[in-house]
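Below is one structure, written out as structure tokens; comments come after it.
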Amino acid sequence: MALTTEHDLLQDEHDRLHSRHSDMIQDKQAQEAVWREKLEKIRLESQTNNYEHSEAIKELTSQNNALTETFKTQMKQLQDDHHRTMESLQQQLTATENQLFKLQQEHMAWASSQARAQDNSKEGTSDGASGASAAVVPSLEEREQGEVSSLLQVHSNVYIVDQAG
């Protein structure tokens, strides 16, 4: 009887330990399932984030390329406009310089004719001053030549400065 009682006690202890062992295994399996679910969720989030990140990079790269092309096009257009404006201004400057030169030449010719007219009128009114008027005429011609050469020098200096600029 003592053996049966001991056997029954051992059997009860065995059943209790077996039940406890089974409960622990079920708890561990439940925890493992929870952790696997969390791991799968994190893996899916990571994949989604990686995909969104790569799509954002593609979109930003595309936008950057479009902006770069737009900028290059605008810069080219601005350079072309600048070049055309500079050519137009250069042509206007050249035309104005030519017009100024022509007007200066006309003014010098007019002033020369006025001086000759005054000299001729002085010759007609002075009786014995023909020798003096002959001396005045060469100096007048010398003066005209000096004015023309100085005007040409000024015009060529303006042209040289214009070409350097």
Condition (residue is within 60 Å of the chain's Cα centre (by Cα) and either of a type in the set (Val, Ile, Thr) or not in a helix (DSSP H, G or I) (or both)) applied to the range 13-25: is it met by at least one residue?
no
Just to be sure before I move on: is residue 55 touching a residue at least 60 places away in the same chain (Cβ under 8 Å) and part of a helix (DSSP H, G or I) in the structure I sent?
no
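Any read-out appearing in this document is the output of simple, stated calculations on the displayed coordinates, not a laboratory observation. Worth saying up front: this structure is predicted, and the values here are computed from it rather than measured. Positions of Cβ are backbone-derived with ideal geometry, glycine not excepted, and every protein chain shown enters the neighbour counts.
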